[in-house]
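Peer 1: Got a structure for you, questions after.
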Amino acid sequence: MTDVRSREPFVMPTYGRYPLSLVRGEGTRVWDDEGREYLDFAGGIATVPLGHSHPAWREAVHAQLDMLTMVSNLYFTQPQADLAARIVETMAMGEAQVFFANSGAEANEASIKLVRKWGLARGRKTIIALEGSFHGRTASTLAATGQPSKRKDFEPLVDWFDFVVPEDLDSLGAKLTEQTAGVLLEPVLGEGGVKPLSAGYLRAVRELTQERGALLIADEVQTGVGRCGAWRASSLSEVQPDVISLAKGLGGGLPIGASVARADLAFEPGDHASTFGGGPVVCAAALAVFDTIERDGLLENATKQGERIQQGVRAALEGSPVLTEVRGRGLLIGIGLVDDIANQVTLELIADGMLATTASPDVVRLTPPLIIDDQDVDTAVDKLAAAITRVSGGRP
């Protein structure tokens, strides 16, 4: 087998990669090219809700590969039609329609275009987003991202986004005018440090947008498809957006994104397109994800195991001077740490046979498969507490 690292010069270094090459996965475990096993609490950055190589998912994908792989969106296919209906029903969006894309950024791009078109027809030109948010790296989704460090090398970008401080209704109220087409937010700021927005704030934003005639767009790319213990995290606050974006866990490991909008907001022919969006194979995979989550009670498991992780970490690191906060919803969890040591902790975890990611320099992010059990959680908590203690110089 060719040494992966010898091929690295051919790949653009857009990611700071961890020092291992993974070759196989099963359930909640993955193995590297030296045969070493890891407990996977990174979960492909929340993209494998059923874990690796789940039998039902594999069967659905293989069956579709044997029938039809790709025909473009010039033709109907049964998997896409079935998935669109399933998403509308499951997300409880009322009368809605789905546009299929290939990623979270593309799903958000579509959602932004929907709101932009609706707004321009009414003289509403701006969209409000939150400081600290992350919505993607295309030109418009980057412009909507409330992290200046990610935007600075590409500015000027599109100029019709405004930003407000999360949880600050006065700030929002001052900027939400007759010029505002919509408000775009993540129910849990993912790349911004795994920061859940309070139910009260989300409901107030919904009320304010309705009062002032603007739309609400929920970026559920990381929070949707069961990650937070519900099909969409906004439903935990009893909020119904006008548009939502889905991706990450939707395909169970294959690339698919979706923008789900009220039917009266939907694109018309020629407004938008995606050659690969919603192809038969990825839609078959997504249907298997929905079926398995429902059949195996994985929404409830995400809630249960998420609480177990948070309680376990707090107990294991009680009194630790380096632990600032444990927060999240379901199985989207952030471990807040002092001194920007999150990346060091993830490297220590790798050395101890566990994968996690960072959501900022001071936050370790846990996004394991929704199939994890008590034993996986207890093992992960022990490894995490030990890694944090080692990195912090033995401080408990």
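The values are calculated or read from the model by the stated rules, or taken from the named source; none is laboratory data. Predicted model only: the values in this text are computed from it and were never measured. Every residue, glycine among them, receives a Cβ derived from its backbone with ideal geometry; neighbour counts consider all protein chains shown. The area values use the complete protein model at the heavy-atom level, side chains included, leaving out ligands, DNA and RNA. Shrake-Rupley method; radii C 1.70, N 1.55, O 1.52, S 1.80 Å.
Peer 1: Take the stretch 282-307 and flag every residue that is over 21 Å from the mean Cα position of the chain (by Cα) and surrounded by 15 or more Cβ atoms within 10 Å (Cβ to Cβ). Steps first, answer last, please.
Peer 2: Let us first name the residues in the stretch 282-307 that are over 21 Å from the mean Cα position of the chain (by Cα), namely 295-296.
Passing the criteria: only D296.
Peer 1: Do the conditions hold for E106, that is, is it open to solvent by 50 Å² or more (accessible area, probe 1.4 Å), part of a helix (DSSP H, G or I) and at pLDDT below 95?
Peer 2: On the way: open to solvent by 50 Å² or more (accessible area, probe 1.4 Å): yes; part of a helix (DSSP H, G or I): yes; at pLDDT below 95: no.
Criteria not met by E106.
Peer 1: Can you report the number of residues in the stretch 106-148 which are without any contact (Cβ under 8 Å) to a residue 40 or more places away in the chain and either over 23 Å from L172 (Cβ atoms) or in contact with a His (Cβ under 7 Å, 6 or more places away or on another chain) (or both)?
Peer 2: 7
Peer 1: Inside the stretch 7-59, can you point out the residues that are within 23 Å of the chain's Cα centre (by Cα), modelled with pLDDT of 95 or more and among the small types (G, A, S)?
Peer 2: G25, G27, A42, G43, G44, A46, G51, S53, A56
Peer 1: Oh, and also: Would you say S140 is open to solvent by less than 40 Å² (accessible area, probe 1.4 Å), of a type in the set (S, T, Y) and part of a loop (DSSP other than H, G, I, E, B)? Give the derivation first.
Peer 2: Numbers: open to solvent by less than 40 Å² (accessible area, probe 1.4 Å): yes; of a type in the set (S, T, Y): yes; part of a loop (DSSP other than H, G, I, E, B): no.
In short, no.
Peer 1: Return the residues of the stretch 238-262 that are surrounded by fewer than 24 Cβ atoms within 10 Å (Cβ to Cβ) and over 15 Å from the mean Cα position of the chain (by Cα); say none if nothing qualifies.
Peer 2: E238, V239, Q240, R262
Peer 1: Within the stretch 78-102, restricting attention to residues that are open to solvent by 20 Å² or more (accessible area, probe 1.4 Å), in a loop (DSSP other than H, G, I, E, B) and under 23 Å from A181 (Cβ atoms), which residue is modelled with the lowest pLDDT?
Peer 2: Per the criteria, the residue is G94.
Peer 1: Please go through (1) over 26 Å from the mean Cα position of the chain (by Cα); (2) open to solvent by less than 30 Å² (accessible area, probe 1.4 Å) for Y75 and return the number of the only condition it doesn't satisfy.
Peer 2: Condition not satisfied by Y75: (2).
Peer 1: Anything in the stretch 329-366 that is assigned to a helix (DSSP H, G or I) and either at pLDDT below 95 or of a type in the set (G, A, S) (or both)? List them, or say none. Steps first, please.
Peer 2: Going through the stretch 329-366, the residues assigned to a helix (DSSP H, G or I) turn out to be 342-351.
Those that are assigned to a helix (DSSP H, G or I) and either at pLDDT below 95 or of a type in the set (G, A, S) (or both): A342, A351.
Peer 1: Also, I was wondering about something else. Restricting the search to the stretch 203-218, which residues are touching a Ser or Thr at 6+ places or on another chain (Cβ under 7 Å) and open to solvent by less than 10 Å² (accessible area, probe 1.4 Å)?
Peer 2: A214, L215, L216, I217, A218
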